[in-house]
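Reading through the structure tokens given below for one structure.
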Amino acid sequence: MAARRVHELGFLSWRLAGPLRARLWGPVPGVAVRGPLASCGPSVRGFSRLPCPVSPMKAAGASLAAQQSWVCCVSGSWRGSRAGGGWQEAGRGSRRMWALAVAFGGVFGAVQTVKLFLEEEAQVSDGALQLTLYQYKTCPFCSKVRAFLDYHQLPYEVVEVNPVLRKEIKFSDYRKVPILIANAKTSMQLNDSSVIISAIKTFLVCRKGLEEIVSYYPAMKVTNDKGKEVTEYQNRYWLMLTEEETLRLYQSKESQKEEMKWRQWADDWLVHLISPNVYRTPGEALASFDYIVREGNFGSVEGVFAKYIGASAMFFIGKRLKSRHNLQDDVRQDLYKAANTWVAAVGKHRMFLGGSQPNLADLAVYGVLRVMEGLQAFDDMMANAKIEPWYQRMTQAIQDQSKAQ
């Protein structure tokens, strides 16, 4: 849209300047116009023999298709002139300048269009943004990042990390997943799922460099309630945009705050309901670890130990998590309540929290819940909560985006 307006402005400028140029330059022989001024080919005829060894589009570094369009216009005019019986005299007055106004105005607009288009696409095309995601497939935080990248049609490579040895991320002092390596002129490591999403979304919306954007999310060492030192990231739910960019992305400040609120809710509450529910009983714990081993990066021996020993350990850990987060004895009830709370936040008159399209909160909640697919907890949630219609819309929205690519 912006490129189209630039083109139209260039054309209009040249049209308005036509009479002035006629007065300043005087008659220009060898130019005649027939048919619609804006058309190409035989209807624009008789270009004067102006020296033009290199087309303005080629000189501006335009694409091959754009250069061919220029050649088509000029050659069409030449053919039309010859078909009409040679060069013809148009007479005096401003009519002599219309053909040049159209031609050069169009070229000016086209050059600006190509330039603007290349600037808009430079950040995400031609390998400018290359992404590698280090993950556990069954991790809800990693699933959040994948949902975001998939919806925004950002190609990325996946490295499945061995949960035992973690040798795939030995290059990093940060020993958790997800880790995203982004190559945009320089290689950068982004940690924490919410920081990854906020930083990349900011990069897609604004024209700042990725290195500058990441600096807005500084890491801090803090001591948690257990006395353990952990890493926290400032501004993790903020997009670092100008006021103009913010107004373009959000309908109102309230919608921006709403998105941030529910993104944080997904991290602070919803994600903590997953483990107690998927490891609720010994049978569910075993089924969960069977899925984890099948989808994860385990050796054959590691897989056997992980499946049986890990399932037993996580069954008891799930009980501890239930106590830590003050969940009900029947943890399913907390899961159903959270699902219905989310549906109520979306409301009856919106397809998504973001309106007609998912926003970052939609993608976060969807990513967290998606890791339970195929497990008993997921089937129970779909049967006993009101979230299934929204969940199906989210699945379809992401699939549609993938097809559009």
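The values are calculated or read from the model by the stated rules, or taken from the named source; none is laboratory data. Given the structure is predicted, the values throughout are model-derived calculations rather than measurements. Here Cβ is always computed from backbone atoms with ideal geometry, including for glycine, and neighbour counts include all displayed protein chains. Heavy atoms of the whole protein, side chains included, go into the accessibility calculation; ligands, DNA and RNA do not. Shrake-Rupley method; radii C 1.70, N 1.55, O 1.52, S 1.80 Å.
Observations on the structure shown:
- Heavy-atom surface of segment 205-357, accessible at 1.4 Å and reported per residue (Å²): 59 Å²
- Total formal charge among the other residues, if their Cβ is under 12 angstrom from that of Leu165, Lys/Arg +1 and Asp/Glu -1: +2
- Most to least packed among 276-282, 160-166, 223-229 [average Cβ atoms within 10 Å]: 276-282, 160-166, 223-229
- Cα point-scatterer Debye curve for segment 243-381, base-10 log of I(q)/I(0) at q = 0.09, 0.14 Å⁻¹: -0.35, -0.73
- Over segment 358-405 - Rg/Rh using Cα atoms and the Kirkwood inverse-distance radius: 1.00
- Entries in Lys208/Lys253; Lys185/Lys257; Lys253/Lys403; Lys253/Lys322 that, when Cα-Cα distance is taken, lie over 25 Å: Lys185/Lys257; Lys253/Lys403; Lys253/Lys322
- Across the options Ser172, Ile213, Ile200, the greatest Cα extent toward the positive end of the charge dipole of segment 166-213 (unit charges at beta carbon of Lys, Arg, Asp, Glu) belongs to Ser172.
- For Ala219 and Asn162, a Förster radius of 22 Å and the Cβ-Cβ distance give a FRET efficiency of 0.35, rounded to the nearest 0.05.
- The label-point distance for Lys403 and Lys228, in a model that sets each label 7 Å from Cα toward Cβ, rounds to 4.5 nm.
- Accessible-area value, Thr138, 1.4 Å probe, nucleic acids and ligands omitted, Å²: 30 Å²
- Protection proxy ranking, peptides 287-298, 175-186, average beta carbon neighbours within 10 Å, highest first: 287-298, 175-186
- Inverse mean reciprocal Cα-Cα distance (Kirkwood Rh) of segment 236-291, Å: 13.9 Å
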